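Right, one structure below, let's go through it.
None of the figures in this text is laboratory data; all of them are computed from the coordinates on show. Bear in mind that the values here come from a model prediction, so they are computed numbers and not experimental data. Positions of Cβ are backbone-derived with ideal geometry, glycine not excepted, and every protein chain shown enters the neighbour counts.
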Amino acid sequence: MAHDERPTVSRRNLVRALLGRDIPKPRADASAPDRHAAGDAAYAAGDYPAAVAAYRASVREDLSNTAVRFRLGHALYATGQALQARVEFEHVLRLSGGTDAAARFFLALSLLALHKPAKAALALAAFADPDRPELERAAHEAAQKLENDPTVDAAGMARELHVLAAATALVPESPTSA
């Protein structure tokens, strides 16, 4: 996933610039703190509620970081906040041009949790991951079942797909620096 390397300006400094005031230069000797470190640590430890809180605070400063937004979405999904998870996964798909397979997969799981089988079927049918052919096949079969039988056990299907996603390492156990 690509990370936006463009320099950012804080709101305070943006207002200063608009008012014609000097913007302070960042100190060259100060090391840049990893603003997502607390969220990454909580996520790696499996403490998803803490990860949600930390990522929500840090993502405000870095809105275009798809890796962090995905981890926030996954943590939200894991804590049962499917609607907020859906928003994050849709945001990741917008930022990645629709190419993030993990975001598409977990968007489908979030839609299943929200009782939207038709939309979940579309997301599962569009899921493509050549590195995980068994997961891709299971996603497409689930999409077919949802299209053919809207009364299918969506919760059970989501559990099975989630287990397979974990078994194929769709979501890393610990985050890599993004």
Original post:
Thinking of segment 94-178 as a set of Cα atoms, what percent of all their pairs are more than 15 Å apart?
Top reply: 54
**OP:** Give the shape of segment 33-103 as rounded, prolate or oblate, defined through the alpha-carbon gyration tensor: a ≥ b ≥ c are the square roots of its eigenvalues, a/c under 1.5 means rounded, and otherwise the shape is prolate if a/b is larger than b/c and oblate if not.
**Re:** oblate
Subject >> Distance in nm between pseudo-label sites at residue 134 and residue 34 (7 Å out along the Cβ direction from Cα) >> reply: 3.1
Original post:
For segment 46-107 and segment 141-159, what is the separation of their C-alpha centers, rounded to whole Å?
Top reply: 24
**OP:** Figure the gain on full extension for residue 45 and residue 16 (residue separation times 0.36 nm, minus the Cα-Cα span) and round it to one decimal in nm.
**Re:** 6.4 nm
Original post:
When the convex hull of the C-alpha atoms of segment 24-144 is computed, what volume per residue in Å³ does it have?
Top reply: 127
Original post:
Considering the alpha-carbon set of segment 74-117 alone, what are its Rg and its Dmax in angstrom?
Top reply: 9.5, 27
**OP:** Find how much the distance from residue 163 to residue 119 grows on full extension, using 0.36 nm per residue of separation minus their present alpha carbon separation; answer in nm with one decimal.
**Re:** 13.7 nm
